[in-house]
Amino acid sequence: MDLFEYMRSARQEKEAPLAARMRPRTLDEVVGQEHIIGKDRLLYRAIMADRLSSVIFYGPPGTGKTTLARVIANTTSAEFAQINATEAGKKDMEEVVKRAGEVQGMYGKRTILFIDEIHRFHKGQQDYLLPFVEDGTLILIGATTENPYFEVNGALLSRSVIFELKPLPSDAVKELIRRAVSDRERGMGSYDAVIDEDAVDFLAEMSDGDARHALNAVELGVMTTQRGADGKIHITLETARECIQKRVLRYDRTGDNHYDTISAFIKSMRGSDPDAAVYYLARMLCAGEEPAYLARRIMICAAEDVGNADPNALVVATNASLAAERIGMPEAQIILAQAAAYVACAPKSNASCSAIMEAVAAVEETGNLPIPPHLQDAHYAGASKLGHGAGYKYAHDYPGHYVKQQYLPYELSGREFYRPTGNGYEEKIREHMKRLRENSDG
């Protein structure tokens, strides 16, 4: 690097956003994520010993994935290369691989390749890296906000250790905020700013574990606030509220967080917890989830998990879907909340769901078994000559509108698929069916 490149690099670093300038440079500067970089943890030991193998960092934005990669770059004796999967193509990877081979051959040094947003690479791009990771030409560090088990090739996963980063705890974000305000080298310390503790608490809470979001708000506050009579910039609670007006909602309708949240929503309804069900419903609606999608999930839960224990649950869910479609947001949230709460509070039975699953399995196992002749269609000319419909007993001609006869194929005689539980209305169904069979047998 010549003098002009050094000066340009220094100027770019000075002008970079606060969150970028405050990235930790060593493991000792990192806050949070003790579950993977605590001093007794594998990743900490591997970094300090410079014996890192391929890893994938997975977690929400602002939790330190790129930071850890930078720390490794500052710590390791290996060559370090970085590309972003949203911009890089095969040519970029070929250049990295070529350089890695040269460095390994001439100096015996390994090359660590950090790929940010690795889930953006398609299968072919990921496959290209595989042989070089396998033979040790490259040590891969991948960073992704998406679940790697969904987005990264199994072959790469099997050769990497996956570390999941969690949203930073509130105390860690508070420490970063205070450090950013006071640090005179990389932070806002040269502006002679002070921040009130209630403002620190508010920013940490509203950032929801995203350090970048909190530091962006700090920078905005310092840069836009007039100095007080004492010559200092005071970041008050009111200033903090202006700089971060809405809580961060980590929710991607096509990503991992979507599946986690909808799973929690369904399991809360199934588990008869209306409070949790309405809470997760609110989270998804606030994040912009389609009301029609949520209405479909409520209808499915009403059929699958409530079933005939309360047949009205499906009626409520279906009508709520129609009403929400006709009315639209924001009022549709009230209708969806009513339906979700009803389904959550209803007695539960998966007997209907189990019945169809078992019946499908029987069909797949036995194929198209002959339908008993007396059940076959007898409404066309010549049906009687084939014996179709012969011997059929019309149920309404018998006491109780029931008569015992063979309905299942003879090969499945005696099989039970629908077994009503003792919950809710299904108890009445069970008792009714029991009486029919006992009277018929008697």
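The values are calculated or read from the model by the stated rules, or taken from the named source; none is laboratory data. No experiment lies behind these values; they were computed from the predicted model shown. FYI the Cβ positions are ideal-geometry reconstructions off the backbone, even for glycines, and counts take in every protein chain you see.
So here's what we get for this one:
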| read-out | value |
| --- | --- |
| Enumeration of residues in the range 6-38 that are modelled with pLDDT of 85 or more and among the basic types (Lys, Arg) | Arg21, Arg23, Arg25 |
| Pick from the range 341-369, criterion under 29 Å from the mean Cα position of the chain (by Cα) and in a loop (DSSP other than H, G, I, E, B), ranking: nearest to Phe417 (Cα to Cα) | Asn350 |
| Sole exception among (1) modelled with pLDDT of 95 or more; (2) loosely packed, with under 11 Cβ neighbours inside 10 Å for Tyr380, by number | (1) |
| Count - residues of the range 405-437 that are under 18 Å from Ala359 (Cβ atoms) and not in a helix (DSSP H, G or I) | 13 |
| Count of the range 184-211 residues which are under 16 Å from Leu18 (Cβ atoms) and assigned to a loop (DSSP other than H, G, I, E, B) | 7 |
| Inter-residue pairs, beta-carbon under 8 Å, first closer than 19 Å to Glu34 by Cα and in the range 167-196, second among the charged types (D, E, K, R) and assigned to a loop (DSSP other than H, G, I, E, B), 6+ apart | Pro167/Asp208; Pro167/Asp210; Pro167/Arg250; Leu168/Asp210 |
| Residue in the range 75-88 that is assigned by TED's automatic domain parsing to the domain that holds Gln125, charged (D, E, K, R) and surrounded by fewer than 17 Cβ atoms within 10 Å (Cβ to Cβ) present | yes |
| The range 233-276, residues that are modelled with pLDDT of 90 or more and part of a loop (DSSP other than H, G, I, E, B) | Thr236, Gly271, Ser272, Asp273 |
| The listed residue being within 30 Å of Ile244 (Cα to Cα) and among the aromatic types (Phe, Trp, Tyr), out of Phe121, Phe163, Phe150 | Phe163 |
| Some residue of the range 55-64 being surrounded by 15 or more Cβ atoms within 10 Å (Cβ to Cβ), at pLDDT 85 or above and part of a helix (DSSP H, G or I) | no |
| Given (1) at positive phi; (2) within 28 Å of the chain's Cα centre (by Cα), number of the condition His119 does not satisfy | (1) |
| One residue from Tyr107, Tyr58 being of a type in the set (Phe, Trp, Tyr) and in contact with a Leu (Cβ under 9 Å, 6 or more places away or on another chain) | Tyr58 |
| Residue in the range 199-213 that is of a type in the set (S, T, N, Q) and either closer than 20 Å to Gly64 by Cβ or touching a residue at least 24 places away in the same chain (Cβ under 8 Å) (or both) present | yes |
| Residues being touching a helix residue (DSSP H, G or I) at 6+ places or on another chain (Cβ under 7 Å) and more than 11 Å from Pro373 (Cα to Cα) - total across the range 390-404 | 6 |
| Residues within the range 149-170 that are farther than 23 Å from Ala46 by Cα and among the small types (Gly, Ala, Ser), tallied | 2 |
| Leading residue by the ranking (surrounded by the fewest Cβ atoms within 10 Å (Cβ to Cβ)) among those in the range 302-340 that are of a type in the set (Val, Ile, Thr) and within 26 Å of the chain's Cα centre (by Cα) | Ile334 |
